[in-house]
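Chemist: What follows is a single structure, and I will ask about it in a moment.
The values are calculated or read from the model by the stated rules, or taken from the named source; none is laboratory data. What you see is a predicted model; the values in this text were computed from it and never measured. Glycine gets a Cβ as well: all are built from the backbone with ideal geometry, and neighbour counts include every protein chain shown. The protein model used for the area step is the full one, side chains on, heavy atoms only, and it has no ligands, DNA or RNA in it. Shrake-Rupley method; radii C 1.70, N 1.55, O 1.52, S 1.80 Å.
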Amino acid sequence: MDNVAHIPSYLSAEHLGPWETYLVQIDRVEPHLAADLRPLAPILTRPKRALIVDVPIRLDNGEMAHFEGYRVQHNLARGPGKGGIRYHPDVTLAEVMALSAWMTVKNAVVNVPFGGAKGGVRVEPKTLSLAELERLTRRYASEINIFLGQDKDIPAPDINTNEQVMAWIMDTFSMNEGKTAMGVVTGKPVSLGGSLGRKDATGRGVFVTTVEAAQRIGMSIAGARVAVQGFGNVGEAAARLFADAGAKVVALQDSTGSIHNPGGLDVRAAKVWSLAHHTLIGAPDSEPIDNADFWGVDADILVAAAMENQITTANAGRIRARLITEGANGPTSPEADLILQERGITVIPDVLANAGGVTVSYFEWVQDISAFFWTEEEINARLDRIMREAFAAVWDAARAKGIALRTAAFVLGCERVLAAHQMRGLYP
Ligand code: NAP
């Protein structure tokens, strides 16, 4: 069992930022690393390089606005940087650093040949017109151009970015290069070299890893009650797949509020409602509930698929689910993690649970480079196999060492990254 003493005393555990959360996680993992790799662990506590860019754009009313953007390459030991781009008003350098570091670990856990990177722009995209969003995206892509390339750093969607944004990035990079460069970004539209199955891939990975965990703790998915926080790319796909497998999705939450139906919500109808009304509130056959009550909903499975730091000491004691799957990156604070462990709740950590997206991004990159495209059946079968194998490796290691799944996943991922460093040696 991990111990609360692993949180450095100079940090108030309730106010850990995402980068500090990541450092605490590395702190907890270090004692479990192979003895010959342990001295290399400090490499993981620093990003390799980080870029801060000004993104000035002309607004539709003729005025100029400035936004701050970032691209961080945390580690490139195992391959080019890979990780999404986030548009959100809370984006900071520290957050992007943490997200890039989690990508390093995640890519190694599912053993795709990428390092970890991440990008973001501090902006509320809902306040921009489509034309302003395109100008923001193209200027940001140009500013981080020096980092990008199919063999250097390959972005993908994250919060508030989608296949249209990826298409603009691909086009901007291609214009600057004077050639069509499909492999520079993943999560593109299928008409532009995107991969079948990519849209649902993260939610599918969430679903597959949850099925694997449920089997091992003696829980049946059919009839299981599921609560999902976040109803975007990850949360909606996961909720739909659970419903299709016979589970009851009893609660959903987006940034505007939470809805509940103990008999089961109609996920597809909720999606149609949310697209039309930009909120889940009012979706067919649902009752609104307080966001605080969402965490205490009677459910067997809880999927956290929104933002960082959502499961904290404020709500970890009230969660009734036996199984939590982290669709989001960093949704559980280090202190809450210990509370969940003590309560015997199984947590499938982000670096494993949400790795389905980057796995199919890897497939997309391979398809673009080889200019040969696979069927959706092939993609889903390969994704399911990779997710199941990664889950089994993490589960078995956790059992063998008597550690939490998160620690086991980090040990697996970090050892792969550090082994690459060990073999490459220190330049010069
Ligand atoms: P998304 O499509 O933008 O959806 C985010 C969802 O979370 C939306 O429903 C949003 O509500 C909701 N949300 C935002 N802030 C919230 C809050 N404070 N409380 C409750 N709900 C909130 O983003 P996404 O791509 O699904 O990403 C979700 C998480 O998964 C992120 O942590 C991301 O890093 C992680 N992830 C994504 C991928 C991927 O392939 N997309 C892969 C791995 C990990 P509104 O609709 O009302 O804004």
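Chemist: Which whole-Hz ³J(HN,Hα) couplings does the stretch 415-422 yield from phi under the Karplus relation 6.51 cos²θ - 1.76 cosθ + 1.60, θ = phi - 60°, glycine and proline marked x?
Modeler: Result, rounded to whole Hz: 5, 5, 5, 5, 5, 5, 4, 4.
Chemist: Above 24 Å lies some portion of the pair distances; for the stretch 121-225, what is it as a whole percent of all C-alpha pairs?
Modeler: In whole percent, the long-distance tail amounts to 38.
Chemist: With a 1.4 Å probe and every protein chain left in place, work out the accessible area per residue of the stretch 182-272 in Å², rounded to a whole number.
Modeler: Working: 2950 Å² over 91 residues.
Result: 32 Å² of accessible area for each residue.
Chemist: Looking at the square roots a ≥ b ≥ c of the eigenvalues of the Cα gyration tensor of the stretch 354-428, which shape do they give, rounded for a/c under 1.5, prolate if a/b is larger than b/c, or oblate? Each step should come with its number before you reach the end.
Modeler: Details: a/c = 3.52, a/b = 1.29, b/c = 2.72.
It is oblate, given that a/c is not under 1.5 and a/b is not larger than b/c.
Chemist: State whether the stretch 234-391 is rounded, prolate or oblate according to the following rule on the C-alpha gyration tensor (a ≥ b ≥ c being the square roots of its eigenvalues): a/c under 1.5 gives rounded; otherwise a/b larger than b/c gives prolate, and the remaining case gives oblate. Could the numbers behind the result be given before it?
Modeler: Working: a/c = 2.11, a/b = 1.33, b/c = 1.58.
Note, shape of the stretch 234-391 comes out oblate.
Chemist: To continue, here is another question. Return the loop-located trypsin sites (Lys or Arg not before Pro) in the stretch 170-272 (DSSP other than H, G, I, E, B) with at most 12 other Cβ atoms within 10 Å of their own Cβ; answer none if there are none.
Modeler: When the trypsin sites (Lys or Arg not before Pro) of the stretch 170-272 are filtered for loop state and at most 12 Cβ neighbours within 10 Å, 179 remain.
Chemist: From Cα pairs below 8 angstrom and at least 6 apart in sequence, can you work out the relative contact order of the chain, rounded to a whole percent?
Modeler: Details: 900 pairs, mean separation 74.1, N = 428.
Relative contact order, the chain: 17 percent.
Chemist: Taking only the alpha-carbon positions of the stretch 61-123 and ignoring solvent, what does the Debye formula give for the base-10 log of I(q)/I(0) at q = 0.12 Å⁻¹?
Modeler: -0.32
Chemist: Quick one: if the Förster radius is 35 Å, what FRET efficiency do residue 52 and residue 399 give, using the C-beta to C-beta distance and rounding to 0.05?
Modeler: Efficiency, rounded to the nearest 0.05: 0.25.
Chemist: Explain nothing, just compute: Karplus ³J(HN,Hα) = 6.51 cos²θ - 1.76 cosθ + 1.60, θ = phi - 60°, for every residue of the stretch 327-336 in order, whole Hz, x for Gly and Pro.
Modeler: Each residue's phi maps through the Karplus curve to give x, 7, 8, x, x, 10, 6, x, 5, 4 Hz.
Chemist: On average, how much accessible surface per residue is there in the stretch 79-151, in Å², for a 1.4 Å probe, leaving out ligands, DNA and RNA?
Modeler: I get 29 Å² per residue for this part.
Chemist: Let me ask you something else. Modelling each spin label as a point 7 Å along the Cα-to-Cβ direction, I'd like the residue 216/residue 277 distance in nm, to one decimal.
Modeler: 4.0 nm
Chemist: Please calculate the 1.4 Å probe accessible area of residue 19, with all protein chains present, and give it to the nearest 10 Å².
Modeler: That residue has around 30 Å² of solvent-accessible surface.
Chemist: Next question, about the same structure. In what order, largest first, do 220, 274 sit by accessible area if the probe radius is 1.4 Å?
Modeler: 220, 274
Chemist: Using a 1.4 Å probe on the protein chains only, how many percent of the accessible area of the chain belongs to carbon and sulfur?
Modeler: Numbers: 8940 of 16970 Å².
Percent of accessible area from carbon and sulfur atoms in the chain: 53.
Chemist: Also: Once fully extended, how much extra length lies between residue 421 and residue 130, figured as 0.36 nm per residue of separation less the alpha-carbon to alpha-carbon distance?
Modeler: Residue separation times 0.36 nm, minus the Cα-Cα distance, leaves 100.4 nm.
Chemist: A further question follows. Between their Cα atoms, which of 118/248; 106/199; 248/271; 126/152; 106/271 are more than 24 Å away from each other?
Modeler: Flagged as over cut-off: 118/248; 126/152; 106/271.
Chemist: Could you give the accessible area per residue of the stretch 323-384, probe 1.4 Å, as a whole number in Å²?
Modeler: 30 Å²
Chemist: Also, I was wondering about something else. Quick check on packing: order 36-46, 52-62 by the mean number of other C-beta atoms within 10 Å, highest mean leading.
Modeler: Result, highest mean first: 36-46, 52-62.
Chemist: Related question: Step by step: find N for the chain, compute 2.2 N^0.38 Å, then divide the Cα radius of gyration by it. What's the final number?
Modeler: Numbers: Rg = 20.5 Å, N = 428, 2.2 N^0.38 = 22.0 Å.
This ratio for the chain stands at 0.93.
Chemist: Could you work out how far apart the two model spin labels at residue 179 and residue 292 are, taking each label as a point 7 Å from the Cα in the direction of the beta carbon, and quote it in nm?
Modeler: About 5.9 nm separates the two model spin labels.
Chemist: Label point 7 Å out from residue 255 along Cα-to-Cβ: which residues of the stretch 330-357 have amide N under 20 Å?
Modeler: 330-332, by backbone N distance to the label point.
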